[in-house]
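Heads up: the structure comes next, in C-alpha cells.
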2 protein chains.
Amino acid sequence: MSRQRPVIGVFDSGFGGLTVLREIVRLVPNAEYLYFGDTARLPYGTKSAETVARYALGACHFLESQGAEHLVIACNTATALAMDAIEANAHVPAIGVVEPGANAASALSKTRNVSVIGTEATISSHAYHHALERHGINAYEKATPLLVPLVEEGWIDHPVTKQVAEIYLQDAFVRREQRSDVLVLGCTHYPLIRPLLRKVVPSDVAIVDSAESTAKALAKKLGIGPPSASAAGATQAAGARAEMAPAPEPQEGTPDFRFFVTDSVQKFRRLGSGFLGHPVDNVEHVDLGG
Amino acid sequence: MSRQRPVIGVFDSGFGGLTVLREIVRLVPNAEYLYFGDTARLPYGTKSAETVARYALGACHFLESQGAEHLVIACNTATALAMDAIEANAHVPAIGVVEPGANAASALSKTRNVSVIGTEATISSHAYHHALERHGINAYEKATPLLVPLVEEGWIDHPVTKQVAEIYLQDAFVRREQRSDVLVLGCTHYPLIRPLLRKVVPSDVAIVDSAESTAKALAKKLGIGPPSASAAGATQAAGARAEMAPAPEPQEGTPDFRFFVTDSVQKFRRLGSGFLGHPVDNVEHVDLGG
C-alpha cells in the first residue's frame, strides 16, 4: 500500500493553493502530497512575468527534487505567467489552474460571456481571455487586488469586503450590455469568500472555482474514477466537458502531507488550516536563495 | 561641486520609502541618492523577522557596494525587525525610521499616550512600544494591514479606505479611556492617505509622519542646518527634541538619483512618481539572488 501511491507536488506563492489541495485530496486521498508555499516572496500577483517565472521554476525544480511525479500549479498568477516555461522545463507532467477553470466556465455558460476576477498580474496576462476564446467565449476580465488582503485580514464575511466586491463587480454584472452568466474565481484565495460573492452576483450567475475543476482534471489524468462525460448532460448545458462530469467516486486511502515554506513555519501552520480545512502539520522551512 | 556631496543610500521593500526620500531631498538637495526597492520580494510587513533581516542585510550590502556613505532604512518593518542586525553589519552609519518617529511623537504628546499604526510585522515587533517607553510614553499599537493595499490600489481618497481606517482606529481614539493625542504613521505608505486620516482622527490629535522626522534627523546628522532646539519651544510642548525644531534652511543644489529595483523597472517608474512627488527615471534592475 505504501508504494504505487502517486507523489503529487502542489505549488503556490503562499496559502491560496491549499484550497486547491483541499479539493484534490477529496478526490485523490490515496496519495503523497508535497506542498510548496513561497511565503517569503508572496504575493506573486503584483509582480512581473519574468520574476514570477523565475520563482515558479525554482519551486517546480524543488518539488521534483523531493520526488514529485506530478506537478499542480495551484496559483493562478504562476499558471498565467509561467505555464509555458514550466511545461518546457519540468521533467514530470504539470497541470495549471487556468485551463480547468476555463473549461468549466465554458461548460456552464449559455450567453458565452464570462467574467473572470484575479490578481493584477493574472488579469494583465489575459491568460483566461485566451483560454476562453478557444471555447468561443467572450471574457470580461477584472483585476480585484484588494480581495486577497481582505481574505488574509480574515474579513471573510465583512461589510467592507462586500462593498469592495460590489465596486469591482458592478461593471461585470450591472453595467454591461452582454451580461456574463458565469464568474470565474481566478485566484485561489477567492473560494474563501465564495459565500459573500454569491450574495453580490446575480442569482442566475454560476460561480466557477478553479480549485474544484483543477482537482477533477488531475483525477482524470491519474485515471481515478471514470472520465464519463455522459452522465453530465442531464443537468449541464450542451458542450459540457469531462471536467464538469460528476466527481469520480472518491478513492479509499489516507493522504500523507509534507509542507515546505520559504517564510515562517509557525505562521504557515497557524493560517494554513483555514485554507486547507484541517490542521497543517509537518511543515519545513526551505531557502531557495531568495 | 561634483564631489564633497554625500552619497546617501535609501532602502525600502518597495515604493513607500520614496515618501521618506522626498522629505530628505527637500532638506538635503545637494547629494547623490541611491534608492533600493526590493520590489520582487515586497511586502515585508507580513513576513517573519528572520526573512526580513536577511533581505534587509542584502539590500544594505548592495547599497554599500554602490558607494553609499550613509544608509537610511526607509521602511518601518525593516527598521523594526532588523535595525540591530543592520547596525552590527553595516560599514557606514545607518538611520532608521522608528527612533525619529518616536522622538517626534514624544515632543508632541501631552497626555503621554500615543497611538501607532503599521504593518503586522512592525506592530508585532513592538519596536515603537519600546522606543516610546524610553520617553515615558504609553503606546497603543494597532496593525492596519489593509491600508497598504488600499494605497497601492490608488484608493487614496475613497469611502472604503475611510471606513477601513475608522474600523482600525476606533479603539485608539474612541473606546480608550487614556486617549492618545498623537498618531504615528508607522509605515511609509501612510503619508499618502494623511489627508484622509486627518478626517478620521479627532482634530486635536497630532499626526506624526516618520518620513519628515527621519529627514530632519538625517539632516542634523549630516550637519546641515543648525540643530537649534531653542526656537522650537514657543509652539512645542515641553520636552521637545531637536527633531521637532524648525526644518533647517534648505541647502542649495540639485540631487542626482539612481534607483535600483528587484522587480519590473517599468512598474517602478510608473508608480514611483506618485510616492516621490516627481518623475522617477534612471531605474536599474538588480537581482540579489531571490
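The values are calculated or read from the model by the stated rules, or taken from the named source; none is laboratory data. For clarity, every value in this text was computed on a predicted model and none was experimentally measured. Heads up, the Cβs are rebuilt from the backbone with ideal geometry, glycines too, and the neighbour counts pull from every protein chain shown. When the accessible area is computed, the model is the full protein with side chains, heavy atoms only, and any ligands, DNA or RNA have been set aside. Shrake-Rupley method; radii C 1.70, N 1.55, O 1.52, S 1.80 Å.
Per DSSP H run of at least 4 residues, take -39500 (n - 2.57); add these up for the protein assembly as shown, divide by its residues and hand me the 222 nm value, nearest 500 deg cm²/dmol.
My calculation for the protein assembly as shown gives -12000 deg cm²/dmol from helical runs alone.
How much net charge surrounds B:Gly67 when only the other residues with a Cβ under 10 Å from the Cβ of B:Gly67 are counted, with Lys and Arg +1 and Asp and Glu -1? Write down the numbers at each step before the final one.
On the way: positive: B:Arg258; negative: B:Glu32, B:Glu64, B:Glu69.
Local charge sum for B:Gly67: -2.
Pop out a list of residues from the range A:38-70 that are at least 40 Å² less accessible with all the protein chains around than in their chain alone; 1.4 Å probe, no ligands or nucleic acids counted.
Buried by 40 Å² or more upon assembly, which counts only protein chains, are A:Ala40, A:Thr46, A:Lys47, A:Arg54.
Report, by chain and number, residues whose modeled amide H sits under 5 Å from the one on B:Ala31, excluding near sequence neighbours (fewer than 5 apart, same chain).
When sequence neighbours closer than 5 places are left aside, the close amide H contacts are B:Asp256.
What Kirkwood Rh does chain B have if only Cα atoms enter the pairwise 1/r average? Answer in Å. Show your work: numbers first, answer last.
Numbers: mean 1/r = 0.0526 Å⁻¹.
About 19.0 Å for chain B.
Given a 1.4 angstrom probe, what's the average accessible area per residue across the range A:51-105, in square angstrom?
That works out to 29 Å² for each residue.
How many nanometers, to one decimal and shortest first, lie between the label point of B:Gln66 and those of its other copies, if labels sit 7 Å from Cα toward Cβ?
Going from nearest to farthest copy, the values are 3.5 nm.
Relative to the other copies, what are the label-point distances for A:Gly277, with labels 7 Å from Cα along the C-beta vector, expressed in nm at one decimal and sorted shortest first?
5.2
Taking all pairs of different Cα atoms in the range B:1-95, averaging 1/r and flipping that mean, what Kirkwood radius in angstroms comes out? Please list the in-between numbers first.
On the way: mean 1/r = 0.0756 Å⁻¹.
Hydrodynamic radius (Kirkwood, Cα pairs) of the range B:1-95 is 13.2 Å.
Run through the other copies and list how far each one's label point is from that of B:Asp256, in nm with one decimal, shortest first; the point sits 7 Å from Cα along Cα-Cβ.
Here the equivalent label points are 6.0 nm apart from this one.
State, as an integer percentage, the relative contact order of the range B:87-142 based on alpha-carbon contacts under 8 Å between residues 6 or more apart. Intermediate results must be reported in sequence, preceding the final value.
Numbers: 53 pairs, mean separation 21.1, N = 56.
It comes to 38 percent, rounded to a whole number.
Checking the table A:Lys162/B:Lys162; B:Lys110/B:Lys220; B:Lys142/B:Lys162; A:Lys162/A:Lys199; A:Lys47/B:Lys267; B:Lys47/B:Lys162 against a 18 Å threshold on Cα-Cα, which pairs fail?
As for pairs spanning more than 18 Å Cα to Cα, those are B:Lys110/B:Lys220; B:Lys47/B:Lys162.
For the protein assembly as shown, which whole-number percentage of the solvent-accessible area (1.4 Å probe, protein heavy atoms only) is attributable to carbon and sulfur atoms?
Details: 11390 of 22270 Å².
Heavy-atom surface of the protein assembly as shown belonging to carbon and sulfur, 1.4 Å probe: 51 percent.
What does the highest-first list of B:87-94, A:7-14 look like by mean Cβ count within 10 Å?
Peptide ranking by packing, descending: A:7-14, B:87-94.
Could I have the simple spin-label model distance between A:Thr111 and B:Thr254, label points 7 Å from Cα toward Cβ, reported in nm to one decimal?
5.6 nm
What are the residues of the range B:160-209 that lose 20 Å² or more of accessible area, with a 1.4 Å probe, going from their chain alone to all protein chains?
With the partner chains in place, the range B:160-209 has these residues losing at least 20 Å²: B:Val160, B:Gln163, B:Val164, B:Ile167, B:Tyr168.
Tell me, what ³J(HN,Hα) does each residue in the range B:194-202 have, in order and in whole Hz, if you take phi through Karplus 6.51 cos²θ - 1.76 cosθ + 1.60 with θ = phi - 60° and put x for Gly and Pro?
My calculation for the range B:194-202 gives 4, x, 5, 5, 4, 6, 7, 8, x Hz in order.
B:Glu50 to B:Glu87: FRET efficiency via 1/(1 + (r/R0)^6), r the Cβ-Cβ distance, R0 22 Å, to the nearest 0.05?
Calculated transfer efficiency: 0.80.
Which parts of the range A:111-151, residue by residue, lose 20 Å² or more of accessible area when the rest of the protein chains are there, as against the chain isolated (1.4 Å probe)?
A:Glu120, A:Pro145, A:Leu146, A:Pro149
Can you list residues whose amide H is under 5 Å from B:Thr262's amide H, if they're 5+ apart or on another chain and H is modeled 1.01 Å from N?
Long-range HN contacts for B:Thr262: B:Gly37, B:Thr39, B:Ala40, B:Val286.
At a probe of 1.4 Å, how much accessible area disappears from chains A and B on forming the pair, both sides counted, to the nearest 100 Å²?
Approximately 2500 Å², summed over both chains.
Compare the Cα positions of B:Gly253, B:Met83, B:Phe62 along the charge dipole of chain B (+1 at Cβ of Lys, Arg; -1 at Cβ of Asp, Glu; about the Cα centre) and return the one farthest towards the positive end.
B:Gly253
What are the residues whose amide H is under 5 Å from the amide H of A:Ile95, where those residues sit 5 or more places off or on another chain and H is modelled from the backbone?
Hits under the 5 Å cutoff: A:Leu71, A:Val72, A:Ile73.
List, in order, the whole-Hz ³J(HN,Hα) value for each residue of the range B:143-153 obtained from phi through the Karplus relation with A = 6.51, B = -1.76, C = 1.60 and θ = phi - 60°; use x for Gly and Pro.
6, 10, x, 6, 5, 5, x, 5, 5, 5, 6
Set Lys and Arg Cβ to +1 and Asp and Glu Cβ to -1, take the dipole of chain B about its Cα centre, and tell me which of B:Ala105, B:Ser273, B:Tyr35 lies farthest positive.
Among B:Ala105, B:Ser273, B:Tyr35, the one farthest towards the positive end of the dipole of chain B is B:Ala105.
Residue by residue through the range B:155-171, which ³J(HN,Hα) values in whole Hz follow from phi under the Karplus form 6.51 cos²θ - 1.76 cosθ + 1.60 (θ = phi - 60°), with glycine and proline marked x?
8, 5, 10, 10, x, 5, 5, 5, 4, 4, 4, 5, 4, 5, 9, 5, 5
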